[in-house]
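Enquirer: Structure incoming, see below.
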Amino acid sequence: MLVRTEGIVLRSMPYRETSKLVTLYTRELGKITIIARGGQSLKNRFGSTLQLLSHVQAVIFSRPTRSIQVLSECSHITVYSDIREDLEKLTIGQRICEIVLKITEEGQRSFELFQLLINVLTALNDPKSNGLVLNLYFQIQFTQQLGFAPAFSKKSVEEIDTSGGYLILNDGTISNEVKDEPSAVYASRGVLRAFSILCRADFDVILKLKLTKKQYPELQNLINQFMSYHMPETFPVRGQKITDQILQSSQK
């Protein structure tokens, strides 16, 4: 059966002599691996649509008995030109794709996750957007799709004093003090407040959020620990280290 679907290219690699093996996260089929026959040839009919981060309309020849489906047609919906021309944003876009690729299951479908991907990549493509904030926002919003979103109260955030507080990794609550809680991670008041904004504020508010150079790595580390705690086997920690190295070099 032929399925027409909108998707984001999460990975694209050579396959045999002339083809490409491509992983998409799609609106209708979720994460799906497809083969693009002739995708490596100079005159291939898919053009540049198979590049990482491409937002495409794909026509897929799908059979339930096959683990890898066949790409029939592919065309661009959106070309994220600003992302491709900015090293920091390209690195962040690649990291977002890696997280979705590593954590989601083949055939796992979530319209909410697909829309989150589109919203964040569209905002990332805006020359005025803050890629670092969007990276953090995507990761913490992704936890909602995975079923372990932070569960703190507004009051607990307001009660954090100037000495800072704690994020309880086990359930995502925020506390001013902790006793005998092995999964408690300390963070400054500013970082915990920024964490709460990333979790629950409207997207328009996120786009205006400002972080200091000191707050970003602390907040990234906090989110990494939270996600790693709930996904110790699947969260791509090594990829984050590589991302951090590239981002640090690009900011010099």
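The values are calculated or read from the model by the stated rules, or taken from the named source; none is laboratory data. Predicted, not measured: the structure shown is a model, and the values here were computed from it. Glycine also receives a Cβ, built like all others from the backbone with ideal geometry; neighbour counts cover every protein chain displayed. SASA here: full protein model, heavy atoms, side chains in, ligands and nucleic acids out. Shrake-Rupley method; radii C 1.70, N 1.55, O 1.52, S 1.80 Å.
Enquirer: What is the distance in Å between the Cα centroid of the range 207-252 and that of the range 50-87?
Expert: Taking the Cα centre of each part, the range 207-252 and the range 50-87 sit 27 Å apart.
Enquirer: Would you mind checking the tilt of helix 215-230 against the longest principal axis of the Cα atoms of the chain, expressed as 0 to 90 degrees and rounded to 10?
Expert: Between helix and principal axis, roughly 70 degrees.
Enquirer: At 1.4 Å probe radius, can you tell me the per residue accessible area of the chain in Å²? Numbers along the way, then the final one.
Expert: Values: 12990 Å² over 252 residues.
Accessible area per residue, the chain: 52 Å².
Enquirer: Ignoring ligands, DNA and RNA, please state the percent of accessible area on the range 115-252 from carbon and sulfur, probe 1.4 Å.
Expert: On the way: 3550 of 7290 Å².
Taking all protein chains in place, the range 115-252 shows 49 percent carbon and sulfur surface.
Enquirer: Within a Cβ distance under 14 Å of Ser196, other residues only, what is the Lys/Arg minus Asp/Glu net charge? Write out the running numbers ahead of the final one.
Expert: Values: positive: Lys154, Lys155, Arg189, Arg193, Arg200; negative: Glu158, Glu159, Asp202.
Here the count lands on +2.
Enquirer: Give, rounded to the nearest 20 debye, the magnitude of the charge dipole that the chain has about its Cα centre when Lys and Arg contribute +1 at Cβ and Asp and Glu contribute -1 at Cβ. Intermediate values should be presented prior to the final figure.
Expert: Working: 30 positive and 25 negative charges, 174 e Å.
The calculated dipole for the chain is roughly 840 debye.
Enquirer: At 1.4 Å probe size, what's the solvent-accessible area of Leu50? Round to the nearest 10 Å².
Expert: That residue has around 10 Å² of solvent-accessible surface.
Enquirer: Another question, then. May I ask which residue of Thr26, Ile77, Val178 lies farthest towards the positive end of the charge dipole of the chain, with charges of +1 (Lys, Arg) and -1 (Asp, Glu) on Cβ and the Cα centre as origin?
Expert: The residue sitting farthest along the positive end of the dipole is Ile77.
Enquirer: Sticking with this structure for a sec: Computed on alpha carbon atoms, what radius of gyration and Dmax characterise the range 1-49, expressed in Å?
Expert: Cα-based Rg and Dmax for the range 1-49 come out at 11.0, 30 Å.
Enquirer: Here's a follow-up. Using θ = phi - 60° and the Karplus curve 6.51 cos²θ - 1.76 cosθ + 1.60, what whole-Hz ³J(HN,Hα) does each residue of the range 68-73 get, with Gly and Pro shown as x?
Expert: Those phi angles translate into 10, 8, 10, 7, 9, 9 Hz.
Enquirer: If the reach is capped at under 23 angstrom between alpha carbons, list the lysines near Lys43, excluding any in the same chain fewer than eight residues apart.
Expert: Lys20
Enquirer: So which GluC sites (Glu not before Pro) in the range 70-115 pass both tests, a DSSP loop state and at most 13 other Cβ atoms within 10 Å of the Cβ? Present the calculation step by step, with values, prior to reporting the outcome.
Expert: Values: sites: Glu73, Glu85, Glu88, Glu98, Glu105, Glu106, Glu112; in loops: Glu105.
For GluC sites (Glu not before Pro) across the range 70-115 that sit outside H, G, I, E and B with at most 13 neighbouring Cβ atoms in 10 Å, the list reads Glu105.
Enquirer: Provide the net charge surrounding Gly93, with neighbours chosen by a C-beta distance below 11 Å and charges set as Lys +1, Arg +1, Asp -1, Glu -1.
Expert: On the way: positive: Arg84, Lys89, Arg95; negative: Asp82, Asp86, Glu88, Glu98.
Once all neighbours under 11 Å are counted, the net charge is -1.
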